[in-house]
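Below is one structure; the comments refer to it alone.
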Amino acid sequence: MAESLPQLVTAADLHVFNIDTSSQKQMDAVIDAVSAGIRSAAGAPISAITSTVEFGGHAERFFELPGGPLLSVDEVRINDQPVEYKLRNGMLYRRAGWGRIDDDVQVTWRHGWDPVPADVVKLATNLVAAGLNEAQSEEGLASRRGLVSRQESIDDYSLQESFVRGEDEVVDLTELPDRTRQWLRERFGRQAYVTGSY
């Protein structure tokens, strides 16, 4: 059974910055969306989780596990048989390597940051605050940044136009800017194929 990923920011984190958390349902929805967006940009779960990876055997002695700092290894199997291994500098080590190319290697381990780094919590807090503010504003989810208004008045004639310039359009106030996406990817993005988390 898959373990759901924990939220990157909590109600307690929001209270520190006096953010209104009176609507639990709305707050959870925004936190879940922000957490998913940050993880997607980072290419990693960031928070501590348990995962399983499967790969084909190879002669290399070291194997670096993806997904952030290695916290613990629960199980290592080659062709469904438990094998001995050692941890060296955050990597798995076997003197005999990891079997032959046609062998199946499976590793279950706990990894990620525990606790979530403070700068990621602050980023998530800012995005959640923006999302909650947008949802709770008089205009609701229709309010947008990047809106340009022009008003013209001549005598009793008045014209007002509002529009959004292409690249200034904000689809969602919780949207991550490209620079922030790049920073997250560079910081957390070393990944391999993870077949499941539980």
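The values are calculated or read from the model by the stated rules, or taken from the named source; none is laboratory data. As the structure is a computational prediction, the values presented were derived from the model and not from experiment. Virtual Cβ from ideal backbone geometry, glycine too; neighbours counted across all protein chains shown.
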For this session: Determine if segment 49-57 includes at least one residue that is closer than 21 Å to residue 123 by Cβ, crowded, with 19+ Cβ neighbours inside 10 Å and at pLDDT 95 or above.
Result: no
Seminar exercise, completed: Of (1) charged (D, E, K, R); (2) in a loop (DSSP other than H, G, I, E, B); (3) modelled with pLDDT under 90; (4) surrounded by fewer than 15 Cβ atoms within 10 Å (Cβ to Cβ), residue 144 satisfies every one except (4)
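Listed here are the residues, each with its yes/no results for (1) assigned to a loop (DSSP other than H, G, I, E, B); (2) at pLDDT below 95; (3) not aromatic (Phe, Trp, Tyr).
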site: 5; (1), (2), (3): yes, yes, yes
site: 8; (1), (2), (3): yes, no, yes
site: 22; (1), (2), (3): yes, yes, yes
site: 35; (1), (2), (3): no, no, yes
site: 44; (1), (2), (3): yes, yes, yes
site: 59; (1), (2), (3): yes, yes, yes
Seminar exercise, completed: Of the residues in segment 89-134, those that are of a type outside the set (Phe, Trp, Tyr), closer than 17 Å to residue 79 by Cα and in contact (Cβ under 8 Å) with a residue 40 or more places away in the chain come to 97, 99, 100, 101, 102, 103, 104, 105, 106, 107, 108
For this session: Tell me, yes or no, whether segment 108-119 has at least one residue that is at pLDDT 95 or above, closer than 28 Å to residue 29 by Cα and assigned to a helix (DSSP H, G or I).
Result: yes
Problem set entry | segment 1-48 - residue that is charged (D, E, K, R) and over 30 Å from residue 80 (Cβ atoms) and, of those, surrounded by the fewest Cβ atoms within 10 Å (Cβ to Cβ) | 25
Problem set entry | When residues of segment 62-82 are limited to those that are in a loop (DSSP other than H, G, I, E, B) and in contact with a strand residue (DSSP E or B) (Cβ under 6 Å, 6 or more places away or on another chain), the one surrounded by the fewest Cβ atoms within 10 Å (Cβ to Cβ) | 79
Seminar exercise, completed: Pairing a residue in segment 32-56 that is free of Cβ contacts under 8 Å to residues at least 40 places away in the same chain with any residue that is crowded, with 16+ Cβ neighbours inside 10 Å and not acidic (Asp, Glu), where Cβ atoms lie under 8 Å and the two sit 6 or more apart in sequence or on different chains, gives 32/7; 39/5; 39/8; 39/45; 39/46
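In segment 15-34, which residues are farther than 11 Å from residue 131 by Cβ and not small (Gly, Ala, Ser)?
Result: 15, 16, 17, 18, 20, 21, 24, 25, 28.
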For this session: Report the residue count in segment 167-198 for those that are at pLDDT 55 or above and over 20 Å from residue 37 (Cα atoms).
Result: 0
